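Peer 1: Have a look at this one.
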Amino acid sequence: MKIYNSKTRQKEEFIPINNGVVNIYSCGPTVYNYFHIGNARPFIVFDVLRRYLEKLGYKVNFVQNFTDIDDKMIKRANEEGISVKELGDRFINEYFIDADALGIMRATKHPRATEHIGDMIKLIVKLINNGAAYQSGNDVYFSVKDFPNYGCLCGQNLDDLESGARIDIDSNKRNPLDFVLWKGHKEGEPGWNSPWGMGRPGWHLECSAMAIKYLGETIDIHCGGKDLLFPHHENETAQSEAATGKPFVHYWMHNGFININNEKMSKSSGNFFTIRDLSKKYDLEVIRMFMLLSHYRSPLNYSPELIDQASSSLNRLYNSISQLNILIDNSTSFDSEMDNNFKTVVEKLKDSFKDSMDDDLNTADAIAAMFDFAKYVFSVKENTISRNTLIYAKETMYDLADVLGILRKREESIPDQIQDLLDKRQEARLNKDFKLSDKLRNEIESLGFTIEDTKLGQKVKRK
RNA sequence: GGCGCCAUAGCCAAGUGGUAAGGCGAAGGUCUGCAAAAUCUUUAUUCCCCAGUUCAAAUCUGGGUGGCGCCUCCA
């Protein structure tokens, strides 16, 4: 599999450090609010990365943190009149509700920053001992000048970064680019004891500490939004490598941004949507489909029209499954030549899907392969393909869909009560008693199901 | 000022040297008691513009134009 590595700015063949195992760290949410559609993109696309690597047979250790202590957390907790801990607890719960609805798998570990303060302090001590960090007042800073590789990830040298740096009149710093590892305690903020007195950790530090703790000093893949490349990931690298003396990350992956009606999402102009809000209007599987219909590194525009397009596209895939079901249900004979052709097409689907995914997670292309197969399914005539082959085809489609986390609504059982009404309606239709059949349809619909009359009978779906 | 990305039909979007995938929409057809749905066919002589390299360019090179991101918290 090839992965575009942000560090080298090219696609590289992915080779894990340990055979058969992949360690991934993905930057998680700051849990001060519901997460929005922009936050959702990395969660979804890197969930697909994880699913695909597992599909390839790797054991994947996927760590995604919760940032539950920072300025935004403190501000929001104060506004709500609750503790930072309570705020974190609440929005971690809310995170899982939305993530589950989006089909995002639970990470193998979801560490919370506040539960790893000790690990962070140890890391700072190491950095100070290595001469990479210094105490200034009640704060501790990382000294970028003492880390020769600073700027390596983002592709800029120190001078350029300094000249571009916006005003930072923090007299505690030796260099404007130095960043805080430990913040001295302020009134009204939570604090922890440390060798430098009460205080709290800097944001960049937590990811380094937790990544090293759970995945080791060198990890395979680290991912996150494009905007985190600098300074967050640059700083993480600097801290980690200065502390361990080892390369921190082999492959860096960054997803592109989501714009709202072609404008950058910003809270001030109010053009952002939380997943929770969208869940009231859309099936979140559609949102997931929407994200996967384009490449994860491309910028992606959100608009209701595009969601509708994604919805229709997803529907076509569902229809192909329904069509397979109809063919399976009515299969009594087959033609061996056509059956073989069909098998070949299924294999071709698997190959194309894999080729696309191997090419830096080209989900758009992978889905196109599924559409191609869908088209083929619709062209199949009854009783030309064997039942087993059809079932294999359906399982293959579900298998691939599982990698993407779509087509999650699988066959559901129809309650007996509904089945009775359906039988009665079918009878009425055969007797051409359309008054009764329409009445029964209304009744069934009022119970939360929709009916479509097809050649082969009534198709029922839960609304 | 520094670093980087992008430009393909009405909309979205793959394709990075071999003659334009796919989806949505639209138009027309099929199916149909009604309704709804579904499905089929058609829908870019051409890939922002100009030059160059090549037997061959959407793809490579140079130069324009237009849009965007990062350099500050940010997915």
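Every number in this text was worked out from the coordinates using simple rules, so none of it is lab data. Computed from a predicted model, the values in this text were never measured in an experiment. Reconstructed Cβ throughout: ideal geometry from the backbone, glycine too, with neighbour counts over all protein chains shown.
Peer 1: How much net charge surrounds A:W182 when only other residues with a Cβ under 11 Å from its Cβ are counted (Lys, Arg +1; Asp, Glu -1)?
Peer 2: +1
Peer 1: Given H placed 1.01 Å from N in the peptide plane, which residues other than close sequence neighbours of A:C223 have an amide H under 5 Å from its amide H?
Peer 2: A:Y25, A:S26, A:C27, A:M253
Peer 1: Could you pull out every one of the aspartates and glutamates with an alpha carbon less than 13 Å from that of A:K394, ignoring same-chain neighbours closer than 8 positions?
Peer 2: Partners within reach: A:D329, A:E347, A:D402, A:E411.
Peer 1: Here's something else I'd like to know. Relative contact order of the range A:351-463, please, whole-number percent, based on alpha carbon pairs below 8 angstrom and at least 6 residues apart. Intermediate results must be reported in sequence, preceding the final value.
Peer 2: Details: 61 pairs, mean separation 13.9, N = 113.
Result for the range A:351-463 is 12 percent.
Peer 1: Would you work out which of A:T389, A:Q419, A:N431 lies farthest towards the positive end of the dipole of the range A:382-432, given +1 charges on the beta-carbon of Lys and Arg and -1 on that of Asp and Glu, about the Cα centre?
Peer 2: A:N431
Peer 1: What does the C-alpha gyration tensor say about the overall shape of the range A:104-173? Classify as rounded when a/c is under 1.5, otherwise prolate if a/b is larger than b/c, or oblate.
Peer 2: Oblate, since a/c reaches 1.5 and b/c is not below a/b.
Peer 1: Hey, how many Å between the Cα centroid of the range A:225-252 and the Cα centroid of the range A:1-64?
Peer 2: Centre-to-centre distance over Cα atoms comes out at 15 Å.
Peer 1: Run the simple label-point estimate for A:N259 and A:S279 please: 7 Å along Cα→C-beta, distance reported in nm.
Peer 2: Using points 7 Å along Cα→Cβ, the separation is 2.9 nm.
Peer 1: Excluding A:D416 itself, what net charge comes from residues whose Cβ is under 14 Å from its Cβ, given Lys and Arg +1 and Asp and Glu -1?
Peer 2: My count for the surroundings of A:D416 gives -2.
Peer 1: Could you order peptides A:275-283, A:65-73, A:217-225, A:401-409 by the average number of other Cβ atoms within 10 Å of their residues, highest first? Before the final figure, lay out the partial values.
Peer 2: Details: A:275-283: 15.3, A:65-73: 20.4, A:217-225: 22.0, A:401-409: 18.2.
So the peptides A:275-283, A:65-73, A:217-225, A:401-409, ranked by packing, come out A:217-225, A:65-73, A:401-409, A:275-283.
Peer 1: Something else about it: Please sort A:258-265, A:1-8 by packing, taking for each peptide the average over its residues of neighbouring beta carbons within 10 angstrom, highest first.
Peer 2: Result, highest mean Cβ count within 10 Å first: A:1-8, A:258-265.
Peer 1: Right, next: To the nearest 20 debye, what charge dipole does chain A have about its Cα centre, counting +1 at the Cβ of each Lys and Arg and -1 at the Cβ of each Asp and Glu?
Peer 2: 400 debye
Peer 1: Taking the beta-carbon count within 10 Å as an exposure proxy, list A:E241, A:E13, A:E86 from fewest neighbours to most.
Peer 2: Lowest to highest Cβ neighbour count: A:E13, A:E86, A:E241.
Peer 1: Looking at the range A:4-114, what % of its DSSP beta bridges pair antiparallel, to the nearest 5?
Peer 2: Among the beta bridges of the range A:4-114, antiparallel pairing accounts for roughly 25 percent.
Peer 1: For A:K435, list the aspartates and glutamates whose Cα falls under 18 Å from its own Cα; do not include residues on the same chain fewer than 8 positions away.
Peer 2: A:D420, A:D423, A:E427, A:E443, A:E445, A:E452, A:D453
Peer 1: What's the FRET efficiency of A:R408 with A:V21 using the Cβ-Cβ distance as r and R₀ = 41 Å, to the nearest 0.05?
Peer 2: The formula returns an efficiency of 0.90 here.
Peer 1: Further, regarding this structure: Mind checking which lysines have their Cα closer than 20 Å to the Cα of A:K109? Skip sequence neighbours fewer than 8 apart in that chain.
Peer 2: Excluding near neighbours in sequence, the set is A:K55, A:K59, A:K85, A:K213.
Peer 1: Give me the percent relative contact order of chain A, please, defined on Cα pairs under 8 angstrom at least 6 residues apart.
Peer 2: Relative contact order for chain A comes out at 16 percent.
Peer 1: Separate question: Order these by the 10 Å Cβ neighbour count, fewest first: A:D359, A:D423.
Peer 2: A:D423, A:D359
Peer 1: Oh, and also: On a full-extension model of 0.36 nm per residue, what is the gain between A:F378 and A:F434, subtracting their alpha-carbon distance, rounded to one decimal in nm?
Peer 2: Length difference between fully extended and current span is 17.1 nm.
Peer 1: Moving on. Mind ranking A:95-101, A:118-124 by how tightly packed they are, going by the mean number of other C-beta atoms within 10 angstrom, highest first? Mind dumping the intermediate values first?
Peer 2: On the way: A:95-101: 17.3, A:118-124: 20.3.
Ranking the peptides A:95-101, A:118-124 by packing returns A:118-124, A:95-101.
Peer 1: Can you check what the net charge comes to around A:E445, using other residues whose Cβ is under 14 Å from the Cβ of A:E445 (Lys, Arg +1; Asp, Glu -1)? Let's see the in-between values first.
Peer 2: Details: positive: A:R425, A:K439, A:R441, A:K459, A:K461, A:R462, A:K463; negative: A:D438, A:E443, A:E452, A:D453.
Cβ neighbours under 14 Å give a net charge of +3.
Peer 1: Within the range A:229-386, count lysine pairs with alpha carbon atoms under 21 angstrom apart where the residues are 8 or more positions apart or belong to different chains.
Peer 2: 9
Peer 1: Divide by every residue of chain A the summed helix terms, -39500 (n - 2.57) for each DSSP H run of at least 4, and state the resulting mean residue ellipticity at 222 nm, rounded to the nearest 500 deg cm²/dmol.
Peer 2: Roughly -15500 deg cm²/dmol at 222 nm, from the helical runs in chain A.
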